[in-house]
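Visitor: Sending over a structure as structure tokens; questions will come in a sec.
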Amino acid sequence: MVFDPGLSLYALIVANLVMMIASALQASIGIGMALLALPFLVWLDPRLVPGPMLLAGAALTLISAIRDWQAVQPRHFSFSLLGLAVGTAIGAVTLSLVNTAYMNKVFALAILLAVVLSVTRLHIRVTSPALFAGSCVSGVMGTMAGIHGPPLAIVLQHADPGQARAMMGALFFIAYLTSVAALYAVGLFGVVHLQLAACLLPGVLVGAFAARWLVRF
């Protein structure tokens, strides 16, 4: 297999800078990587999202999941996984039906929806049904556009920060890999996307390292 993702040096450098900043943000507060990185990556090369961004980001979520695993509540986690599975399947099937000419519009709408969800003042108790619903919406948005965070953040926004980071870190690791697998199953992830994910990995790892100093703030 020849390693040739088709990225210019300029695009490669900028994409890694974007992933570094976005990864540092997510590793510090629990969410934010896709919401910050997606618009820039689409502008650089639409092939970078959602699959390559999610697969590279899985390394970041694995680090977070290992670091905070002891704070995860098993019962809530189980309901969240179930919702995530349902939402991922819905998102993958829906995305496979969208004409590629409209992909940028799908990403744009997902970003706007994510921003709206991020600033909402809804007060939702952290219950199993709420986590199931939030995870289901997260699976749909994450598989279609790479943005898993806002729906879960709404449910967990009033939880203990450590618990919220732990839940999202563990869920996002599974969510990212599941979304990539779903994209592969419907023919939207291949060898080139795997190479593009490898190109983004250095920025993710540097951002995760930088978060050690940011997390105290």
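Visitor: Could you work out the relative contact order of segment 1-151, using alpha carbon pairs under 8 angstrom and six or more residues apart, expressed as a whole percent? Show your work: numbers first, answer last.
Guide: Working: 152 pairs, mean separation 46.0, N = 151.
Dividing the mean separation by the residue count of segment 1-151 yields 30 percent.
Visitor: Sorted by packing (mean other beta-carbon atoms within 10 Å per residue), highest first, where do 144-150, 75-81, 18-24, 91-97 land?
Guide: Most protected by this proxy first, the peptides run 144-150, 18-24, 75-81, 91-97.
Visitor: Using Cα centres only, tell me the gap between segment 148-213 and segment 24-101 in whole Å.
Guide: 4
Visitor: Now a separate question. Residue by residue through segment 62-67, what is 3J(HN,Hα) from phi via Karplus (6.51 cos²θ - 1.76 cosθ + 1.60, θ = phi - 60°)? Round to whole Hz and write x for glycine and proline.
Guide: With the stated coefficients, segment 62-67 comes to 5, 4, 5, 5, 5, 5 Hz.
Visitor: Enumerate the calculated ³J(HN,Hα) couplings along segment 8-17 in order (Karplus 6.51 cos²θ - 1.76 cosθ + 1.60, θ = phi - 60°), each rounded to whole Hz, writing x wherever the residue is Gly or Pro.
Guide: Listing the rounded values in order: 6, 4, 4, 4, 4, 5, 5, 4, 6, 5 Hz.
Visitor: Take the Cα radius of gyration of segment 109-217 and divide it by 2.2 N^0.38 Å, with N its residue count; two decimals is plenty. List each step's numbers first, then the result.
Guide: On the way: Rg = 15.3 Å, N = 109, 2.2 N^0.38 = 13.1 Å.
Ratio of Cα Rg to 2.2 N^0.38 Å: 1.17.
Visitor: Using a/c under 1.5 as the rounded threshold, could you call segment 154-217 rounded, prolate or oblate? The axes a ≥ b ≥ c are square roots of the C-alpha gyration tensor eigenvalues, and prolate needs a/b larger than b/c, oblate otherwise.
Guide: oblate
Visitor: Note the direction-averaged projected area, equal to a quarter of the hull surface, for the Cα convex hull of segment 115-166, in nm².
Guide: Result: a mean projected hull area of 3.5 nm².
Every number in this text was worked out from the coordinates using simple rules, so none of it is lab data. Please read all numbers here as calculations on a predicted model, not as lab measurements. Methodologically, a virtual Cβ is constructed for each residue, glycine included, from the backbone with ideal geometry; neighbour enumeration extends over all protein chains shown.
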